[in-house]
There are 2 protein chains.
Amino acid sequence: MIKKYRFGKPFPTEAVIENIPEAQGAMPRFAVDKNAHTFTCPLAKEDRVYGLGEQVRGINKRGWHYVSYNEDDPIITEKRTSLYATHNFLVVAGEKGAFGAFFDSAAKAEFDIGYTHADELKITAIDVDVYLIDGENIDDIVRQFRKIIGQSYIPPKWALGFGQSRWGYKCEEDIRAVAKGYRDANMPIDSIYLDIDYMERYKDFTVHPERYPDLKGLASDMRAEGIHLVPIIDAAVKVEDGYSVYEEGKANGYFCKGADGEPYVVGVWPGESVLPDVLSPEARKWFGSHYKVLLDDGIEGFWNDMNEPALFYSKGRLHAALEIAAEARGRNLVLEDFNKVTSAIGTLANNINDYKEFYHETPVGRVCHADVHNLYGYNMTRAAAEYFERYEPDKRFLLFSRSSCIGMHRYGGIWTGDNASWWSHLLLNLKMLPSLNMCGFLFVGADLGGFGDNTTEDLLLRWLALGIFTPLMRNHTTLGTRNQECYAFGQKDAFRRILGIRYSLIPYLYSELVKCAVRGDMMFRPLAFEYPSDKRATVEDQILVGESLMICPVYEQNAAGRYVYLPEDMKMIRMLAGDDYTEEVLPAGDHYIEVALDEVVFFLRKGHVLPLAKPAKNTSELDEKALQYVKYIDRDTEYELYVGKGEKKSELAGALKKVTVKA
Amino acid sequence: MIKKYRFGKPFPTEAVIENIPEAQGAMPRFAVDKNAHTFTCPLAKEDRVYGLGEQVRGINKRGWHYVSYNEDDPIITEKRTSLYATHNFLVVAGEKGAFGAFFDSAAKAEFDIGYTHADELKITAIDVDVYLIDGENIDDIVRQFRKIIGQSYIPPKWALGFGQSRWGYKCEEDIRAVAKGYRDANMPIDSIYLDIDYMERYKDFTVHPERYPDLKGLASDMRAEGIHLVPIIDAAVKVEDGYSVYEEGKANGYFCKGADGEPYVVGVWPGESVLPDVLSPEARKWFGSHYKVLLDDGIEGFWNDMNEPALFYSKGRLHAALEIAAEARGRNLVLEDFNKVTSAIGTLANNINDYKEFYHETPVGRVCHADVHNLYGYNMTRAAAEYFERYEPDKRFLLFSRSSCIGMHRYGGIWTGDNASWWSHLLLNLKMLPSLNMCGFLFVGADLGGFGDNTTEDLLLRWLALGIFTPLMRNHTTLGTRNQECYAFGQKDAFRRILGIRYSLIPYLYSELVKCAVRGDMMFRPLAFEYPSDKRATVEDQILVGESLMICPVYEQNAAGRYVYLPEDMKMIRMLAGDDYTEEVLPAGDHYIEVALDEVVFFLRKGHVLPLAKPAKNTSELDEKALQYVKYIDRDTEYELYVGKGEKKSELAGALKKVTVKA
């Protein structure tokens, strides 16, 4: 049961695709203050609050405040209140049942979830459609919500293969060396990512002529080895006379404009740049059509970046800051003067005041970017997806984005942005997965091993032991860090086996992902959703993966194992490789389990089975006809398996087949 | 058994006070590369590495690299390799026994503990005395080490009372309001801290004439309520004509000088400032004598800050950076040019190249600061302690420092610097305690509730539940954060009771601290030191406190409890207040225990007792003649109790008395 209430004049986000009329009467559940734009409801002691998708903190969001305003800041500490994405759906669950609430707004919104007052939830949002959802239980509420926002993006099956990435691969030789590194180490791989250096001076839809003299040839050679190249696309377009993308966009008015009507100039990787106005249908269509240049070279997947949009500076603010610095020359600076200089320079990047200075031309008229900020990444990714639909309608392409908003889940997946090589980010990765699923994002993953800072061998191994369960499984790191490829470390056998396990799991993972997309279900679920009356099931470092599994990664350095809570009897699978594992039924309750660095330990739920393929060197060599089933059943049991190649959209209808597994 | 090996020409740090002759022959245990200045030894799979005092990461330091170079950077994430202090003592322990190693150096040293290669420990240090220590077990090794570095600082007993601090209390009225806040809430308190705003324009040893027109009167009024004022002292001295501290120091050559022989000018709170040359005995004596100004006002305790030394900028580097910014005006900056500007401004603070540009006049001649950097905070604090000894020789003063080095443990305690209101910093606080003790620092504590960022009520409550066990128990926060005083939150009864528990524990905590100081023992010990053959005792989120207790704080938001591992049967004490608790013996093994936000749960070891006082509103009202004993004994048991007031050094000889507790 969904009811919609409108406050102010919300911009049409197109997050909801079902036509839901406005409800009559006052909105229940929340006390509404129309002047303060606040929505307040009490929280009982036992209430938990789930959702908000890509956000900091725990599965239960209670005890902190969150801001929905997409932000490019890679230092993800506990002080943070926003990340790269905005997913304004939450569920309040307690002893008196549960309800869902979606605050559909393109602008900034704030969620104070027992932060200011421990017993109060207060949301602040101007111009918002609020959808209140009642249901039988949390899963039902989520399913109703997912239905009104439309089916989630389904990637091609190869996109579930392992990918290697780094900002710092400079040229064709570097890419070939990575492919050789994995091949020589006998480690499976399906994709290698191209970060910004493949472009000519960071210009969108160009290829560096010296570094990649024949991208088509390279892509073809790689495909022959089962490897896809996946290039990055940045949001902003370099200002450069004669650069066709810039010239075309400028001539047609396709860039965001300042108050003066001229394209608004910001600084990003290429230096001075302008922002495609992806909220204009014409501009979006135009921007998306440029992906052709790479599609024609044999590229089948992309990652869209810098689309919060991230700004290193705006031209106006930069030069004002430089003046402040220039004025301070030669003076004895008292603290306030010194702070003025460092603050002027230090607040250039992603300064939200810049968002107030440029505009979009939308179907409902000219709007200030600040008021629709959260829609930018969504519509950049939509630009690509809508073009793919024109380019080859039935083909599944890989597409995921850094910034997003609910609605974008129909067009692509996400990676959770620039994390770091921190153990705490491994745990954050785990905790974020269910809330992302709640908000429609199924094809998700974090940069495994950590993007920023230097990883360690044990951190990467432990993180991969989680990453083998996430649909997007990519090892990615930034410029200047130590080598992070799996073959760069001493314990090669451990890496080889853990990557192999991933491939064994792909038939299960892809089947579960597709089913969840089709049915509006969650692939990653908190235990509390499945065992609502078990207070101990509020544990936050174990989650359910699909219908059959519970995972419990180790996320502390030097830990030889961890505690695990079983809400019911489960079968522990201790896996050394996809075809080398032991099974042991453990009774419900608390257990301390040892987990060596080169093992993956997870649990199979009672009454369930897990299909396993033989390890393969990439998805195209997966033998899905020869699956083994790990079982914890006492009678014949059906498992619904995706039996297709996962390359065509049209294949979906007949590709889910019920397989009977003998007890 | 301690052997000393010299490499290069180490600066005399005076960390070691026993005269240990250089050993003959090659140094065992480590492969030494004299050209690379490296000391390498293999690590077996089961080896653990303990020590390094104030550092990041776990109790077992394995799997990361650490740099000993005191650093003022409050963003303490997992990427960090150094903090505010340098404590170069470690113990390698494994199946073949243990050994200790102290790398006594005033300069930068690096510890790669299985980071580059998982199975190798590599230390890099130039000009170093290496002390290798063999012993029966880890405790014995630590005791031997502690003996050669001299007895640890013992604070007055009142310093174990609770203290409230904030950068932002501006004036006398603010201080009186805090005192009233605690009094009205009926919460105990022993001290209120004065941060930098009590000074006149941040000038050392001045008192702001309008904000604190009568500090002596204020101190006296507060003492009448049982509250001590504890002012901050910063390392650097403002450059200002007519300011007597500056004028005196300049006239006598007591400031660190640049290559040109002139005082080296840096920017800190007061703007342009100079650094007292605390490595010169004359300058140290001179600087210390200025504490008189506050002692004469009735002040009995100090915290020394900014003594890494922290530099916002050096005058030369600042003006060079401003030139770079000025040159960029009006240009279209490509990425490299833009980065040049932001980097020039962004790397001004604590730029280690500045440390190469000024000099100390020491008893062994003129030395560059970079080569003796780690000794600065140590000798600033020594300056104060040596003066207190002259001012009132028998009196115990409160004294602790942000920066330190081994050796300073004889002169004062430490707080662990500018942390943040992060749950991970609560855990870091716990994990750091044993290593600080190993290195001689017994009077230690972290900023409870967190210094940087906004705390939450639950975080502060959970952190206090750890803080009641640390000798320094101070709630401190930075400018601009939400109110963090215990009376500022809703659950006042919980705060009142938890602070009360602290006061009940003081007889035990002070007794244990004094005994550990006198005997060279550790007050906080990892379980692995006590139960060396129990592999599960490598658990890192529980530690022993003194001879009787094991603590296991909850450090996760929204957690209703936690797991605890008992290496042997222990008695669980579930405490609502110092005179309101339950006792329950739990068998050895794993347990999940519920811990409500307003409870403290800890364990009493078999064969031990815990003295408890009645809750009191400050230490002067503690009734130590009417102690209760919590017992887990089956026969009469002696406990050695400190029975004095803890105000005079001379009292110590007779103040430790054996009390027989009946079974």
The ratio Rg/Rh over the Cα atoms of the protein assembly as shown, Rh being the Kirkwood inverse mean 1/r radius, stands at 0.96
Output the relative contact order of the range B:239-285, whole-number percent, from Cα pairs under 8 angstrom with separation of 6+ residues. 31
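For the range B:56-115, report the accessible area per residue in Å² (1.4 Å probe, heavy atoms, rounded to an integer).
25
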Cα centroids of the range A:374-415 and the range B:330-361: how far apart, whole angstrom? 41
To the nearest 0.05, the calculated FRET efficiency linking A:D241 and B:N353 through their beta-carbon distance, R0 being 60 Å, is 0.90
Between copies, how far does the label point of B:N19 sit from its twins, in nm, shortest first, when each point is 7 Å from Cα along Cα→Cβ? 9.9
Within chain A, helix-based [θ] at 222 nm, where runs of 4 or more DSSP H residues each add -39,500 (n - 2.57), nearest 500: -7500 deg cm²/dmol
Using the per-residue mean of other Cβ atoms lying within 10 Å as a proxy for protection, in what order, highest first, do the peptides B:362-368, B:644-650 fall? B:644-650, B:362-368
Convex hull (Cα only) mean projected area of the range A:2-149, reported in nm² to one decimal: 8.7
Would you mind telling me the share, in percent, of accessible area of chain A contributed by carbon and sulfur at probe 1.4 angstrom? 48
Grab the Cα-Cα distance for B:E621 and B:A663, subtract it from 0.36 nm times how many residues apart they are, and report the gain in nm with one decimal. 12.2 nm
Expected output for the range B:540-578, residues with a loss of 20 Å² or more in accessible area relative to the chain alone at probe 1.4 Å, reads B:E556, B:Q557, B:N558, B:Y563
Area buried, chain A against chain B - accessible surface, total, 1.4 angstrom probe, square angstrom: 4800
How high is the relative contact order of the range A:2-149, given as a whole-number percent (alpha carbon pairs under 8 Å, six or more residues apart)? 31
Inter-chain shielding of A:57-65 (mean C-beta neighbours from other protein chains, 10 Å cut-off): 4
Reduction of at least 20 Å² in accessible surface, 1.4 Å probe, comparing all protein chains with the chain by itself, residues of the range A:335-357: A:L335, A:F338, A:V341, A:T342, A:I345
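In the neighborhood of A:S82, defined by Cβ-to-Cβ distances under 12 Å, what is the net charge if each Lys or Arg adds +1 and each Asp or Glu adds -1?
-2
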List the aspartates and glutamates whose Cα lies under 20 Å from the Cα of A:K356, skipping any in the same chain that are fewer than 8 positions away. A:E71, A:D72, A:D73, A:E110, A:D127, A:D260, A:E262, A:E272, A:D277, A:E308, A:D371
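Does the range B:85-155 classify as rounded, prolate or oblate by the C-alpha gyration tensor (a ≥ b ≥ c root eigenvalues; a/c under 1.5 gives rounded; else a/b over b/c gives prolate, otherwise oblate)?
Taking the square roots of the gyration eigenvalues as a ≥ b ≥ c, the range B:85-155 is oblate.
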FRET efficiency (B:E95, B:Y592; Cβ distance; R0 30 Å; to 0.05) is 0.50
Residues of the range B:442-464 that bury at least 30 Å² of accessible area, probe 1.4 Å, when all protein chains are present rather than the chain alone, are B:D453, B:N454, B:T456
Probe 1.4 Å, heavy atoms of protein chains only: per residue, the accessible area of the range B:1-42 in Å² is 65
Could you grab the relative contact order for chain B? Cα pairs under 8 Å, six or more apart, rounded to a whole percent. 14
Can you tell me the accessible area per residue over the range B:476-598, all protein chains present, probe 1.4 angstrom, in square angstrom? 32
Using a label point 7 angstrom from Cα along Cα-to-C-beta, what distances in nm, from shortest up, separate B:Y629 from the other copies? 6.6
Going 7 Å from the Cα of B:A320 toward and past its Cβ, which residues in the range B:262-283 have a backbone nitrogen under 17 Å from where you end up? B:264-267
Using the Kyte-Doolittle scale, find the helices of chain A whose mean hydropathy is at least -0.5 and whose Cα atoms extend 27 Å or more along the helix's long axis, counting only whole DSSP H runs. A:492-519
For B:I75, label point 7 Å along C-beta direction: distances to other copies, nm: 0.2
Gap separating the Cα centres of the range A:608-646 and the range A:133-190, nearest whole Å: 19
Using a Förster distance of 22 Å, how high is the FRET efficiency between A:A653 and A:E389, based on the Cβ-Cβ distance and rounded to 0.05? 0.75
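The values are calculated or read from the model by the stated rules, or taken from the named source; none is laboratory data. What you are looking at is a predicted structure, and each value in this text was computed from that prediction instead of being measured. Here the Cβ is made from the backbone with ideal geometry for all residues, glycine too, and neighbour counts use every protein chain on show. Just the protein is used for accessible areas: all its heavy atoms, side chains included, with ligands, DNA and RNA removed. Shrake-Rupley method; radii C 1.70, N 1.55, O 1.52, S 1.80 Å.
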